[in-house]
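To keep things clear, I will list the structure first and then write my remarks on it.
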Amino acid sequence: MIILDIETTGLTNDWGICKIGAKNIKRNFETFFQDCRIDKGDTITEGALRVNGRTLEQLFDKTKQSQEQLIKSYINWVEKQEEKIFYGQNVSWDITMIQSRTIKYGFQEKFLDIHGQRGMDLHTLAQERYYEINGKYFLNNSGKSAFNLGKVLKFCGIPDERINFRGNEVIKEGKFHGALEDCKLEGEVLYRLKFGKNLFDSFREFPIPGYLKK
């Protein structure tokens, strides 16, 4: 199982990918973690810069590898993994963003052959576990799912120490979002939801809620 998380300059296909983190939690935590300069013309939002803690100078740093090379390096890493099952919070979006870049750079067929488009979402797993425990789904006042990653972390007994935005407004100060750090958070969440146990020793200080233990 591969936990995947990317950092971008926005939320649509015309915005750049600046960092990819992936961790194979069934293969000795083998890790991919690289960043890059984004392409000229990629859209950048102020909110994304503040979430990622990046500057324009860092995003266009010519000493860094290109975005195309980052994507190629990631796909080559995935090719070496025996089990290509991807997990993450809204991981289909991460995969779609990566695929959009392979289309742009002309190697979508390689992406489809090695990587594929499908992933398994922690949001779905969290909602199903919540339903098993409470007999209903976790919804907001308008009837939509209330599980973002912060709420999933809380459900799993882990504090969310990351900065949080709504649009361009900071609603909670905290650590910058990082692809590799979020992979660890999401891997720990996966194990707590799916198996009722810890994955990483660094999270043992946060007890697993009794309703998740098996």
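For the residues Q67, Q89, the requirement of being crowded, with 19+ Cβ neighbours inside 10 Å and either farther than 22 Å from G10 by Cα or touching a His at 6+ places or on another chain (Cβ under 7 Å) (or both) singles out Q89. Scanning segment 1-26 for residues that are touching a helix residue (DSSP H, G or I) at 6+ places or on another chain (Cβ under 7 Å), buried (at least 19 other Cβ atoms within 10 Å of the Cβ) and not β-branched (V, I, T) gives L4, D5, E7, G16, C18, K19, G21, A22, K23.
Output the residues belonging to segment 132-179 that are among the small types (G, A, S) and modelled with pLDDT of 85 or more. Before the answer, list the steps.
Taking segment 132-179 as the starting set, the residues that turn out to be among the small types (G, A, S) are 135, 142-143, 145-146, 150, 157, 167, 174, 178-179.
G135, S142, G143, S145, A146, G150, G157 - these are the residues of segment 132-179 that are among the small types (G, A, S) and modelled with pLDDT of 85 or more.
Annotation: of all residues in segment 111-139 being of a type in the set (A, V, I, L, M, F, W, C) and more than 24 Å from I158 (Cβ to Cβ), the one that is surrounded by the most Cβ atoms within 10 Å (Cβ to Cβ) is F111. Kindly provide the set of residues from segment 27-64 that are at pLDDT below 95, in contact with a helix residue (DSSP H, G or I) (Cβ under 8 Å, 6 or more places away or on another chain), of a type in the set (A, V, I, L, M, F, W, C) and farther than 21 Å from N13 by Cβ, ordered by number. Passing the criteria: none in range. Scoring Q99 on the criteria (1) assigned to a helix (DSSP H, G or I); (2) crowded, with 20+ Cβ neighbours inside 10 Å leaves a single failure, condition (2). Select, from E109, E83, the only residue that is outside any helix (DSSP H, G or I), not small (G, A, S) and not assigned by TED's automatic domain parsing to the domain that holds G150. None of the other options fit; the residue is E83.
When S73 is tested against the conditions (1) more than 19 Å from L180 (Cα to Cα); (2) at pLDDT 95 or above, the lone failure is (1).
This table checks each residue for (1) in contact with a Cys (Cβ under 9 Å, 6 or more places away or on another chain); (2) farther than 20 Å from N164 by Cβ.
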site	(1), (2)
G47	no, no
E57	no, yes
K64	yes, yes
L70	yes, yes
I75	no, yes
V78	no, yes
Q89	no, no
I95	no, yes
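The values are calculated or read from the model by the stated rules, or taken from the named source; none is laboratory data. Just so it is clear, the structure is predicted and the values come from calculations on it, not from any experiment. Here Cβ is always computed from backbone atoms with ideal geometry, including for glycine, and neighbour counts include all displayed protein chains.
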